[in-house]
Amino acid sequence: MTGSTGPESWITAAVEQAELSWSDGGIPIGAVLVDGRGDIVARGHNERVQSGDPILHAEMACLRNAGRRRDWSSCTLVSTLSPCPMCSGAAVLYRIPRVIIGENKTFTGAEGWMRENGIELTVLDDSRCIELMERLQREKPDLWAEDIGQ
């Protein structure tokens, strides 16, 4: 990737999406899609609470916002939290080769399955991402349990 931005600016943009969701009463998870030049081409945040749609995890909202593309195989998906099986499935389906994960301490999604399908994973252990999820778990445990299907 030759863009002037990199993983630090990408995860910051995803954190901004997570904070947007939290400030709107939602679940604080955000995602961005980065093209092969290193430019952010789509953003999204978890909208399950706001829309009442159980499918609108941050990654799914981001991919929806990306629209129809033919360059999935040169993109990178960046998420503040380890993607769940549904969101991991979308990355596998569209052959997105790289996923950058803000943190996987509070929840580890389908990372093994993504790796088995050739996706390169990078886990940042970003303190902002960890704090957002710990805050959700502490302040809204029922919402956290609902989001991860418990």
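Would you check which residues across the range 98-110 are in contact with a strand residue (DSSP E or B) (Cβ under 6 Å, 6 or more places away or on another chain) and under 24 Å from Gly36 (Cα atoms) and list them?
Just the residues of the range 98-110 that are in contact with a strand residue (DSSP E or B) (Cβ under 6 Å, 6 or more places away or on another chain), to begin with: 98-101, 104.
Answer for the range 98-110, where residues must be in contact with a strand residue (DSSP E or B) (Cβ under 6 Å, 6 or more places away or on another chain) and under 24 Å from Gly36 (Cα atoms): Arg98, Val99, Ile100, Ile101.
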Tell me, which helices (runs of 4 or more DSSP H) lie completely within the range 37-149 with 2 or more residues that are open to solvent by less than 20 Å² (accessible area, probe 1.4 Å), of a type in the set (A, V, I, L, M, F, W, C) and more than 12 Å from Ile27 (Cβ to Cβ)?
58-66, 85-93
I'd like to know if the range 50-58 contains one or more residues that are modelled with pLDDT of 95 or more, under 20 Å from Asn104 (Cβ atoms) and out of contact with any Leu (no Cβ under 8 Å at 6 or more places or on another chain).
yes
Starting from the range 115-139, keep only residues that are farther than 21 Å from Trp10 by Cα, then list their pairs with residues that are open to solvent by less than 90 Å² (accessible area, probe 1.4 Å) and not acidic (Asp, Glu) whose Cβ atoms are within a distance under 6 Å, requiring at least 6 positions of separation or different chains.
Asn117/Val92; Leu136/Pro28; Leu136/Trp144; Gln137/Trp144
By residue number, the members of the range 13-36 that are touching a residue at least 40 places away in the same chain (Cβ under 8 Å) and not in a loop (DSSP other than H, G, I, E, B) are Ala13, Ala14, Val15, Gln17, Ala18, Glu19, Trp22, Gly30, Ala31, Val32, Leu33, Val34
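The values are calculated or read from the model by the stated rules, or taken from the named source; none is laboratory data. Keep in mind that this is a model prediction, so the values were computed, not measured. Please note: Cβ atoms are built from the backbone with ideal geometry, for glycine as well, and neighbour counts cover all protein chains shown. Ligands, DNA and RNA are stripped out before the accessible areas are found, and what is left, the full protein with its side chains, is counted by its heavy atoms. Shrake-Rupley method; radii C 1.70, N 1.55, O 1.52, S 1.80 Å.
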